[in-house]
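The values are calculated or read from the model by the stated rules, or taken from the named source; none is laboratory data. This is a predicted model, so every value here is computed, not measured. Cβ placement follows ideal geometry from the backbone for every residue including glycine, while neighbour counts extend to all protein chains displayed.
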Amino acid sequence: MFTNGSFSQPGSTRMLTFVIRRVAQIIPLLVVVSLLVFALIHAAPGGPLSLYLDNPNVRPQDIERLRRQMGLDQPFVGQYVSWVTAFARGDWGYSYADGRPVAERLLERVPATLQLIGVSTLLAVVVSLVVGVASAVRKGVDRVATIATVAGISLPVFWFGLVLQLLFANTLHWLPSSGRASFAGGGLGDRAAHLVLPVIVLAGAHAAGWSRYLRSSMRGALEQPFIGAARARGVSDARLATRHALRNALLPFATVVLLDASIMASGAVVTESVFAWPGVGSLFTEALAKRDYTVLMAFLMCGSAAVALLSLVADVVVHALDPRTREAVAL
Amino acid sequence: MIRAWLRRHRAALVPGAVLGALLILAAFAPLIAPYTFDALDLARRRGAPSLHHLFGTDELGRDLLTRSLYGARISLAIGLVSAALSAAIGVTVGAVAGFAGGIIDAALMRLTDAMLSVPRLPLLMIAAAVLEPSVPLLITLVSAVGWMETARVVRADVQSIAVRDFVTAARATGARAPRILLRHILPGVVPTIAVALTLSVGRGILLESALSFFGVGVQPPTASWGNMLYQAQTTMSSEPWLGIFPGACIFLTVLCCNLLASAAEPDVVAARETRR
């Protein structure tokens with residue numbers, strides 16, 4: 001699509017400028033986030049070295065020496081600029097907690113988080129497709145689904161996790177309560193069993209929200225004149241819902257799924273720490289407890305970048321698939 | 001007025017009544033609670049729910065029902081105040097963006113999008129951990145990240161009202177922009193704002209409890225539903241009631257807020273329909 005690049009196809013060049021424009025919008029976002037986080041950590045009583053202030057083995061002159069070594073005696077702007085340029089170059093510094101490179105610590109946790117988020121998203125999408133379509137079409141289903149989905153979006157994630165743990169792990173002993181695998185290593189079944197509860201918790205809230213969204217956009221689609229026309233032609237109700245209305249409701253649904261990435265990220269932090277899932281989210285809570293600022297900053301920067309990229313993908317997909325939006329998004 | 005509204009919105013009856021009851025219980029907690037806040041019942045420490053202690057007791061023998069009632073004051077106060085604050089910010093941003101249009105609109109919406117794409121909970125957790133946590137700080141933080149949804153819906157409504165004939169007429173009579181916005185446009189957005197406000201009470205309570213659950217929210221000895229859960233999580237298998245009841249309180253409150261909001265949804269739709 002982009003390789004062609006000739007002006008005889010204005011659609012694809014316009015697409016390219018759209019993508020470039022959207023990418024350009026991510027950069028100021030990341031600058032704002034980085035400034036915010038950097039300023040926050042400097043606002044901490046004692047600054048980035050506050051961890052050492054309570055340590056009786058660290059003398060005040062040691063702190064003073066560290067402060068000079070780490071450039072913490074420089075003015076704020078200078079510190080920020082040198083940090084942000086180093087960060088952009090891929091130098092994320094070392095963890096305060098164990099001295100290892102931050103990038104290494106983050107990267108080794110990524111697969112577990114991707115697995116958890118991936119499986120949860122998949123489950124939530126499947127559930128919400130079924131519930132959303134069924135409740136848009138069937139009155140009886142709708143009544144039950146409305147109550148269930150409102151309950152789903154109202155559940156405090158961490159409490160839901162604790163209750164499931166109590167019920168299925170500690171009382172019934174059906175499933176393991178935490179971790180990604182048993183100590184012995186464990187086979188595929190063992191790993192799958194560890195995945196069940198965290199996935200239910202993380203997928204639950206999203207499935208509820210997305211079902212509600214799909215239901216209302218299905219309802220909207222079903223009121224369109226072309227549905228009436230199709231019904232007059234004798235198209236069956238089931239085909240009407242799945243082939244005609246769902247096709248129209250699917251695009252906004254996909255957008256919402258992608259745009260919810262930031263909420264998914266927050267949910268993963270909570271879920272991972274409740275179930276001791278060894279992912280990026282539990283690394284974040286560990287780092288928070290130890291005031292491991294380099295890890296915290298890298299986490300937030302990567303999280304915001306990932307979310308921004310996903311919303312970019314959502315915009316581009318909509319832009320490519322739905323011609324109506326092309327005029328509207330031009331800014 | 002409220003009675004007439006409730007008659008038209010039967011679905012609001014139960015959640016409205018429950019929320020009202022919770023507010024009364026919270027407001028009069030010192031009078032209603034069976035024990036004083038810090039009373040220790042040393043003979044019944046770690047006691048399961050019983051006639052003496054309906055919600056059970058914790059490791060110091062403090063009555064959990066009493067603590068839940070006092071916790072309600074903090075949790076509800078944070079939810080309500082932060083909802084009011086974030087609604088104020090959201091309505092201002094949304095109304096100005098929708099009414100002014102152009103570059104002001106673009107800038108404000110970029111800001112809104114940026115705020116929406118930062119993972120909220122981790123950002124708040126860092127902020128709350130770094131800046132010594134207190135109730136006013138929590139309210140500030142929760143409202144600082146809770147206004148974006150309101151801003152978006154208010155902007156959309158303001159935009160659709162601003163192009164209507166009566167607004168043009170008002171402008172023709174020489175009314176200035178602030179007057180048009182406040183007297184002619186915003187009254188039509190009231191149902192939308194009310195629903196957004198109700199939803200953000202629930203969101204605020206959830207956010208506060210999540211922060212407290214990670215130990216960076218409301219600090220003991222003050223009790224909130226969230227920090228009661230924080231203290232309960234390690235003993236969940238031996239004294240499950242310590243975690244179940246505060247969590248159920250959060251769930252019930254948020255559920256009622258969301259049900260109330262969805263019961264009022266027809267008003268928003270109706271207001272939008274008459275606008276066409």
Those residues that are of a type in the set (Ser, Thr, Tyr) and either within 10 Å of chain A (Cβ to nearest Cβ) or more than 16 Å from A:Phe160 (Cα to Cα) (or both), I need them from region B:213-234; list them, please.
B:Thr222, B:Ser224, B:Tyr230
Complete set of residues in region A:156-183 that are under 24 Å from A:Ala112 (Cα atoms) and at the interface with another protein chain (Cβ under 9 Å from one of its Cβ atoms)
A:Pro156, A:Val157, A:Phe158, A:Trp159, A:Phe160, A:Leu162, A:Val163, A:Gln165, A:Leu166, A:Ala169, A:Asn170, A:Ser177
Looking at the structure I just gave you, is B:Gly146 touching a Lys or Arg at 6+ places or on another chain (Cβ under 9 Å) and crowded, with 23+ Cβ neighbours inside 10 Å?
yes
Pairs with Cβ under 6 Å, 6+ apart, first in region A:244-264 and within 14 Å of chain B (Cβ to nearest Cβ), second crowded, with 17+ Cβ neighbours inside 10 Å and small (Gly, Ala, Ser):
A:Thr255/A:Ala314; A:Leu258/A:Ala314; A:Leu259/A:Ser311; A:Leu259/A:Ala314; A:Ser262/B:Ser117
For region B:97-115, name all the residues that are within 15 Å of B:Asp157 (Cα to Cα) and either of a type outside the set (Phe, Trp, Tyr) or out of contact with any helix residue (DSSP H, G or I) (no Cβ under 8 Å at 6 or more places or on another chain) (or both).
B:Ala97, B:Gly98, B:Ala100, B:Gly101, B:Asp105, B:Met109
Looking across region A:19-59 at residues that are of a type in the set (S, T, N, Q) and outside any helix (DSSP H, G or I), the single one that is modelled with the highest pLDDT is A:Asn57
When region B:81-113 is checked residue by residue, the ones that are surrounded by fewer than 22 Cβ atoms within 10 Å (Cβ to Cβ), within 14 Å of another protein chain (Cβ to nearest Cβ) and under 13 Å from B:Arg152 (Cβ atoms) are B:Asp105, B:Leu108, B:Met109, B:Arg110, B:Leu111, B:Thr112, B:Asp113
Looking only at residues that are at pLDDT below 80 and of a type in the set (Asp, Glu) in region A:63-98, which one is farthest from B:Leu131 (Cα to Cα)?
A:Glu64
Can you list the helices (runs of 4 or more DSSP H) found entirely within region A:225-331 that contain at least 3 residues being among the hydrophobic types (A, V, I, L, M, F, W, C) and crowded, with 23+ Cβ neighbours inside 10 Å?
A:261-274, A:280-289, A:293-321
Unmet requirement for B:Leu242, which otherwise passes all of (1) at pLDDT below 85; (2) at the interface with chain A (Cβ under 9 Å from one of its Cβ atoms):
(2)
Of the conditions (1) more than 13 Å from chain A (Cβ to nearest Cβ); (2) buried (at least 24 other Cβ atoms within 10 Å of the Cβ); (3) of a type in the set (Gly, Ala, Ser), the single one that B:Ser117 does not satisfy is (1)
Assuming B:Gly71 fulfils every condition listed in (1) out of contact with any Pro (no Cβ under 9 Å at 6 or more places or on another chain); (2) crowded, with 17+ Cβ neighbours inside 10 Å apart from one, which condition is it?
(1)
In region B:91-103, is there at least one residue being assigned to a helix (DSSP H, G or I), at pLDDT 90 or above and under 16 Å from the mean Cα position of the chain (by Cα)?
yes
For residues in region B:14-37 being closer than 19 Å to B:Asp63 by Cβ, surrounded by 16 or more Cβ atoms within 10 Å (Cβ to Cβ) and of a type in the set (A, V, I, L, M), which is modelled with the highest pLDDT?
B:Leu22
Candidate set from region A:170-189 (those that are surrounded by 10 or more Cβ atoms within 10 Å (Cβ to Cβ), more than 27 Å from the chain's Cα centre (by Cα) and farther than 17 Å from A:Pro278 by Cα); member that is modelled with the lowest pLDDT
A:Gly187
Residues A:Ala151, A:Ala136: which one is under 23 Å from A:Met218 (Cα atoms), crowded, with 16+ Cβ neighbours inside 10 Å, in contact with an Asp or Glu (Cβ under 9 Å, 6 or more places away or on another chain) and touching a residue at least 40 places away in the same chain (Cβ under 8 Å)?
A:Ala136
Yes or no: region A:198-220 includes at least one residue that is β-branched (Val, Ile, Thr) and within 14 Å of chain B (Cβ to nearest Cβ).
yes
